[in-house]
Amino acid sequence: MNTDGGSTQETGAALPFEQEVGALDFLYISAQITDESGGDVSCEIVDSTGDVVATNTASGFPSIVTCDNT
């Protein structure tokens, strides 16, 4: 994970995918399913106290979901 203002990409990641990062001013997550069989894709951002600050789910084909901590 790039914490200096850049970005990172995971392709073909094993599911469920989870990434822990340090303190960031802004975090944006975008996940998608491009397989024609479709399905559900979700994202969730949890802060250091365990509080969920963002969650979202999309279904179908193509499925694209985003979450941010603003």
Qualifying strands (runs of 3 or more DSSP E) (wholly inside the chain; at least 3 residues being exposed (fewer than 12 other Cβ atoms within 10 Å of the Cβ) and modelled with pLDDT under 80): none
Just to be sure I understand, how many residues within region 20-53 are without any contact (Cβ under 8 Å) to a residue 24 or more places away in the chain and either in contact with a Phe, Trp or Tyr (Cβ under 7 Å, 6 or more places away or on another chain) or over 20 Å from E10 (Cα atoms) (or both)? 7
Report, by residue number, each residue of region 5-43 that is within 20 Å of S63 (Cα to Cα) and of a type in the set (D, E). E10, E18, D35, E36, D40
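The values are calculated or read from the model by the stated rules, or taken from the named source; none is laboratory data. Computed from a prediction, not measured in an experiment: that's the story for all the values here. Methodologically, a virtual Cβ is constructed for each residue, glycine included, from the backbone with ideal geometry; neighbour enumeration extends over all protein chains shown.
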